[in-house]
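I have placed the structure first, in the form of C-alpha cells, so that the comments after it can refer back to it.
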Amino acid sequence: MSTPTPSPAAAKEDFRRALQKLESLHGNMAVLSSLGLLLRDTNTGIDDLAKLLQTDGALSANVIRVSNSAIYGFGARIHTVEDALIKVGFNQILNLVGAALSRQVFMKDLPAYNLTADDYWAYSYFCGVLVENQSGRLGQSANDAYLIGLLHSIGRVVINELLLKTKIEVYWDRSIPCEEWETLLIGFRHDEAGARLLQAWKFAPAIWRRIECQKYPQAQAEDPVLLTLDYARACAELNHYRLAEPYWKLPENHPLTLTPGFDLDAMTADVEQAKQVCLQIRSQLIAT
C-alpha cells in the first residue's frame, strides 16, 4: 500500500499552519534569539538580560533551577534571575538559557522519528555543547556554534506535528536518509522547516541560514561549524543517545577527521565532557 502524500498546495498550507502553531506554542524561543543579539552588544549589562528573561515566568524559573546544577558550581542556592546570570558569567549565559528552554521545547516525544522526548533532548543538547566546545579550535563564535548545534533539528518538531495532524502513521525506520524520507512523505525537509521557524522567531541569519543548508556536503566543506555538527550528530546516533554509557564509539572515516588540526584525543575528551554536561542538566530538569 502506497504512502499518502498531500498535494503541493495542501502541503504548503499545512506547513504554514504547523509553523504558526509552533511559533505560538514556543513563542519564548524569540527570547533566545533576542538574547543572542544582546550578547553581541558590548554595552549590554546583566540588568538588560534579566529584564528580557523575566518576560517569561516559566523560563525565568527554569533558568534559576538550571543555574543551581553542579556544572555551574556549588555554594548558596540561587533564587533570582539576576543572581543566576551573575553566577554563570557572560560567557555561559546563552548556554544556561538554552538549557532552561530545552525543558519547554525539546521534552516532547517525536513518534514520527521513533525518538522519545529524552532521546530528542539528549541529541539536541549534546550537539549544542559539543559544537560549542569545538568553536575555539574552529575560530568560530561560541554562541553561534552552540545555537546551531542545539537547534539544528528543531524542524523535526514541525514535521512530527504535521503527521500527527494528518494522522499519517508512517515512521522513519532509518532504512533511507532522513531528508529523503521527509521529502518523499511531505515534500520538504526538517532543515528547511527549522530554518523557516527560526527566521520567524527572528534568529540571526548566521544561525538560520546555516541550519537550512546544514546537510549539504558543499556547505559542510566550506563551514567548519556545519562539518563539526555533522560529526556530533553521527556520534550521538552511533551511540543511540545513551548518555550513561561510559565509553562512546567515535565515528570513523568522517570528513572532519581529515581536516587540519583535528586531534582525536581532544575530541574524545570534548565528547565525554559534553556527555557529562548533558547528564547533569538532565538530572536537574528531571528533578524539578
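The slack in the chain from Ala70 to Glu272, taken as 0.36 nm per residue of separation less the alpha-carbon distance, amounts to 71.1 nm.
Of the GluC sites (Glu not before Pro) in the range 204-288, the ones in a loop by DSSP (not H, G, I, E or B) with at most 16 other beta carbons within 10 Å are Glu252.
Under the combined filter of DSSP loop state and at most 14 neighbouring Cβ atoms within 10 Å, the range 135-209 retains these chymotrypsin sites (Phe, Trp or Tyr not before Pro): Tyr171. Mean-square fluctuations from a GNM of the chain, with a 10 angstrom spring cutoff on Cα atoms, peak among Val158, Val88, Val66 at Val88.
Label sites at Glu237 and Asn114, each approximated as a point 7 angstrom past Cα along Cα to Cβ, lie 1.2 nm apart.
Modelled this way, with points 7 Å down the Cα-to-C-beta line, the labels at Ile176 and Arg40 are 3.8 nm from one another.
Using the structure shown, list the pairs from Lys51/Lys87; Lys249/Lys275; Lys202/Lys275; Lys108/Lys215 with a Cα-Cα distance above 21 Å, or answer none. Walk me through the numbers before you get to the answer.
Numbers: Lys51/Lys87 17 Å; Lys249/Lys275 13 Å; Lys202/Lys275 30 Å; Lys108/Lys215 24 Å.
Violating the 21 Å limit, Cα to Cα: Lys202/Lys275; Lys108/Lys215.
Taking only Cα atoms and a 10 Å spring cutoff, compute GNM fluctuations for the chain and point out the largest among Ala206, Ala117, Ala84. It is Ala206.
A helix-only calculation puts the chain at -20500 deg cm²/dmol for mean residue ellipticity at 222 nm, using -39500 (n - 2.57) for each DSSP H run of at least four residues, averaged over all residues. Each of Ser175, Ser283 was scored by other Cβ atoms within 10 Å of its Cβ. Listed from fewest to most, they are Ser175, Ser283. Highest mobility in the GNM of the chain, judged by mean-square fluctuation with C-alpha springs under 10 Å and restricted to Leu138, Leu264, Leu198, is found for Leu264.
Exposed loop sites here are trypsin sites (Lys or Arg not before Pro) assigned a DSSP state other than H, G, I, E or B and surrounded by at most 10 other beta carbons within 10 Å; excluding them, the longest clear run of the chain is 78-166.
Here, each number is a calculation from the coordinates, and none is a lab measurement. The model shown is predicted, which means the values in this text are computed figures rather than measured ones. So basically every Cβ, Gly included, is an ideal-geometry build from the backbone, and we count neighbours across all protein chains shown.
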